[in-house]
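The values are calculated or read from the model by the stated rules, or taken from the named source; none is laboratory data. Just so it is clear, the structure is predicted and the values come from calculations on it, not from any experiment. Note that each Cβ is placed from the backbone with ideal geometry, even for glycine, and that neighbours are counted across all protein chains shown.
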Amino acid sequence: MLKKSILYVFMVFTTGIIAQVGGRATYQFLNLVTSPRQAALGGKTVTNYDYDPTQAMFNPASINPEMDNQLSINYGNYIGDVNYGTASYAYLWDRRTQVLHTGITYINYGNFDGYDEQGNATNTFSGGEVALSFGHARNIAFTNFHVGANVKLISSKLEQYTSWGGALDIGVMYVYEDWDLHITGVARNIGTQFSPYHETYERLPFELIFGISQTLQNIPIRWHFTLENMQQWNVAFANPNRDETDLEGNTTSEKINFIDNAFRHMIVGIEIFPESGFNLRLGYNLRRGEELRIAEQRSFAGLSAGFSIRLNKVRLSYSYARYNFAASTSTFGLNINLQ
């Protein structure tokens, strides 16, 4: 009965949703990485099931008792003057069988110079967005399946325009402890705008993500494999900068095939010494690497790396993600055990 109810809720909320990628939806900040760990593993990693409460902001099915009294604070120095961060906390209650989770995500776009339609300078303005989430997860009795949901309240202010919205995340995770194997699927940002910026209601950046990860037996390495944007298969596009012109002036455009689309959904990552006080993280986002690479130049686009170190009850984390020669991001994190 529980499985049927979950399927029914998922179908109701996703009916009528049109696939979106990139600039086809509002509140795009909801899909930014939530922590250095996630950023270092290539972004959008959804399979971690441990102490880290920031994982639950992307996949509510990962909420578990190990997160009890864990506080996580993260800050990202994004492209240009854009800054964003997250904070999350989990608490165990009801005879230590139920976990409640809350999180907040904010982004500040910095200051902009304003101009009117004639090009005359006006006042400077800024923009920012914030989302507050509440989550809970349960184990399906007598199984290795866990289901969870996040409810999010979203506020956005861009210059003089404001908007409010709400969203729901639904996740299902299979945890097989004997193999240390995690398999999961998440439907994110199912929702709507309560009030638009002006008159037009815009869609939210709905996304389906699937992931699998496992710690190798007798080897201190955990591998992660993620499929992003599975709500839309065709995410690849022909880049006009890669058109080829022959001696007769004939132009051949870049060809996009099934393999090109398949690779652009993939993210891979590994954690070295995943359960120790010090670990290393490496990741590669294939879509980012392909779309941002420069022809005939080695720019290392799509690569990311990071580390974490535990000092008593505090864990410090850092990640670096490469976009191209002109852009990269650093993310810093602090996880505090309040027990």
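Tabulated data for the structure shown
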read-out: Flag if residue 254 is surrounded by 11 or more Cβ atoms within 10 Å (Cβ to Cβ), farther than 20 Å from residue 76 by Cα and over 23 Å from the mean Cα position of the chain (by Cα); value: yes
read-out: Residue that is nearest to the chain's Cα centre (by Cα), among those in the stretch 211-224 that are surrounded by 16 or more Cβ atoms within 10 Å (Cβ to Cβ) and either without any contact (Cβ under 8 Å) to a residue 40 or more places away in the chain or closer than 17 Å to residue 33 by Cβ (or both); value: 211
read-out: Positions within the stretch 301-326 being of a type in the set (A, V, I, L, M) and surrounded by 14 or more Cβ atoms within 10 Å (Cβ to Cβ), in sequence order; value: 301, 303, 305, 316, 321
read-out: Single residue of the stretch 122-152 satisfying the filter (assigned to a strand (DSSP E or B) and of a type in the set (S, T, N, Q)) that is surrounded by the most Cβ atoms within 10 Å (Cβ to Cβ); value: 150
read-out: Residues of the stretch 94-121 classified as among the polar types (S, T, N, Q) and in a strand (DSSP E or B), total; value: 5
read-out: Residue under evaluation residue 93, criteria (1) modelled with pLDDT of 95 or more; (2) of a type in the set (Phe, Trp, Tyr); (3) surrounded by fewer than 19 Cβ atoms within 10 Å (Cβ to Cβ), criterion not met; value: (1)
read-out: Output for the stretch 254-273, where each listed residue is more than 15 Å from residue 225 (Cβ to Cβ) and either assigned to a loop (DSSP other than H, G, I, E, B) or among the hydroxyl-bearing types (Ser, Thr, Tyr) (or both); value: 254, 255, 256, 257, 273
read-out: Condition check for residue 307: more than 23 Å from the chain's Cα centre (by Cα), of a type in the set (Phe, Trp, Tyr) and under 30 Å from residue 337 (Cβ atoms); value: no
read-out: Count - residues of the stretch 261-315 that are free of Cβ contacts under 8 Å to residues at least 24 places away in the same chain, closer than 19 Å to residue 328 by Cα and among the basic types (Lys, Arg); value: 1
